[in-house]
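To start, the structure itself, in structure tokens.
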Amino acid sequence: MDYQRFFADKITALQEEGRYRVFAELERHAGQYPHATRYLDDGTEDVVVVWCSNDYLGMGQHPDVRNAMHAAIDETGAGAGGTRNISGTTHYHVLLERELAAWHGKEAALLFTSGYISNEASLSTLAGLMPGCIIFSDELNHASMIAGMRGSKSDKRIFRHNDLEHLEDLLRDAPLDAPKLIVFESVYSMDGDIAPIKEICDLADKYGAMTYLDEVHAVGLYGKHGGGIAEREGLMDRITVIEGTLGKAVGVMGGYIAASATIVDVIRSYASSFIFTTALSPVLAAGALKSVQVLKTAEHLRARHQERSATLKRMFRENGLPVMPSVSHIVPLLVGNAPCCKRASDMLLNDYGIYVQPINYPTVPRGTERLRFTPSPMHTNEMIEHLVEGLNEVWSVHGLERVAA
């Protein structure tokens, strides 16, 4: 077998479908979010405005966060030096886990190196330990959740997105005495819609199920203290496990779960991808700790963030640009064709200094390819006007469909 040719053909297939991913080489400007320097292959560089970052509030550049990380590296050095079990549990890890548990009103929390790993490890362990467990999963759950569910080797029932009737039908048909776990997200990051958390909790109570809520696109952004949608709706106590990330609104890196002390202990003790992984750098833990502390009182940032998102959606609608329905801070603009989505992104980047990544299959279904915008409190009116100007030109040049304003 010609192995190199085989793999080269796989890449060619992605390119022909318009799904080949090209990384933009960026260097963010500390204190000047959302600006970044873009490095080109020919050795030149230019300055761009980033419109697709998950650092939703710019906390990755907050001076208090940066100062905390500088202090931590001077105090502790760069790395943790081992797994959590073998010398890698530092004081910063413990402080951060306490802070995260309190943020979500839970007894305990557990850190992971990423949000992906926190989902994969926690779901595979929780469901895998319970003989006969049945997982009920929203069809739009993230790839990391799907990986965890697969790893558990448990039976799965997929319910239509946010469809309570379908979920109840599946729960009703399951054996009464089988352990059950309902797995869903709060904010779905590609469409920007929000799960009916209360109603799902009601079904969980009715049919004796545990609940596992992924809040990665909501922590820091919703609720009086930034605890997420569950905090905003007063439902944190009804969720068995809340999972979150430190790499989006918190602005650093890492993932975590918050739950009862017993559940956290069982995942700590049984999840191999936690046990055998080097602990998160204490420098990152220190930065995340400071960020969470700031976010707990950052209602002004959350209010500005929501206003910027609402303004961008309004401007898109007024210009006939096909903004997709979204009740959250996510602003998706429908293109509907993978190659065209890539060309639109390239034109915005090269002609207007606007960086927004095309979102294609398998992240979203074929035919729903889109540009996904995530405005921050630091995106100005002038930046929005420049973006709309660029999008109007892109839509005209490529003959993309508009909608009635």
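Values as computed for the structure displayed
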{"quantity": "From Ala303, Ala404, residue being aliphatic (A, V, I, L, M) and in a helix (DSSP H, G or I)", "calculated": "Ala303"}
{"quantity": "Matching residues, the range 346-387, being open to solvent by 10 Å² or more (accessible area, probe 1.4 Å) and assigned to a helix (DSSP H, G or I)", "calculated": "Asp346, Met347, Leu349, Asn350, Asp351, Tyr352, Asn381, Glu382, Met383, Glu385, His386"}
{"quantity": "Residue list for the range 300-340, filter: in contact with a Lys or Arg (Cβ under 7 Å, 6 or more places away or on another chain), touching a residue at least 60 places away in the same chain (Cβ under 8 Å) and open to solvent by 60 Å² or more (accessible area, probe 1.4 Å)", "calculated": "none"}
{"quantity": "Of residues in the range 388-405 being free of Cβ contacts under 8 Å to residues at least 60 places away in the same chain and open to solvent by 60 Å² or more (accessible area, probe 1.4 Å), the one farthest from Tyr33 (Cα to Cα)", "calculated": "Gly399"}
{"quantity": "Residue count, the range 352-372 (criterion: modelled with pLDDT of 95 or more and under 23 Å from Glu45 (Cα atoms))", "calculated": "5"}
{"quantity": "Within the range 78-94, tally of residues that are part of a helix (DSSP H, G or I) and surrounded by 14 or more Cβ atoms within 10 Å (Cβ to Cβ)", "calculated": "4"}
{"quantity": "Complete set of residues in the range 254-280 that are surrounded by fewer than 20 Cβ atoms within 10 Å (Cβ to Cβ) and not β-branched (Val, Ile, Thr)", "calculated": "Ser260, Ala261, Asp265, Arg268, Ser269, Tyr270, Ser272, Ser273, Phe276"}
{"quantity": "Subset tally (residues that are in a helix (DSSP H, G or I), open to solvent by less than 80 Å² (accessible area, probe 1.4 Å) and not β-branched (Val, Ile, Thr)) for the range 19-77", "calculated": "9"}
{"quantity": "Only one of Met149, Met210 that is modelled with pLDDT of 95 or more and either acidic (Asp, Glu) or open to solvent by less than 10 Å² (accessible area, probe 1.4 Å) (or both)", "calculated": "Met149"}
{"quantity": "Selection count where residues are open to solvent by 10 Å² or more (accessible area, probe 1.4 Å) and closer than 19 Å to Val264 by Cα, scope the range 213-241", "calculated": "5"}
{"quantity": "In the range 178-192, residue surrounded by the fewest Cβ atoms within 10 Å (Cβ to Cβ) [restricted to those that are out of contact with any helix residue (DSSP H, G or I) (no Cβ under 9 Å at 6 or more places or on another chain) and at pLDDT 95 or above]", "calculated": "Ala178"}
{"quantity": "Flag for Ile135 being part of a helix (DSSP H, G or I) and hydrophobic (A, V, I, L, M, F, W, C)", "calculated": "no"}
{"quantity": "From Ile117, Ile134, Ile86, residue being at pLDDT 95 or above, of a type in the set (A, V, I, L, M) and in contact with a Phe, Trp or Tyr (Cβ under 8 Å, 6 or more places away or on another chain)", "calculated": "Ile117"}
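The values are calculated or read from the model by the stated rules, or taken from the named source; none is laboratory data. Please read these numbers as outputs of a predicted model, since none were measured by experiment. Ideal geometry is used to build each Cβ from the backbone, glycine not excepted, and the neighbour counts take in all protein chains shown. Heavy atoms of the whole protein, side chains included, go into the accessibility calculation; ligands, DNA and RNA do not. Shrake-Rupley method; radii C 1.70, N 1.55, O 1.52, S 1.80 Å.
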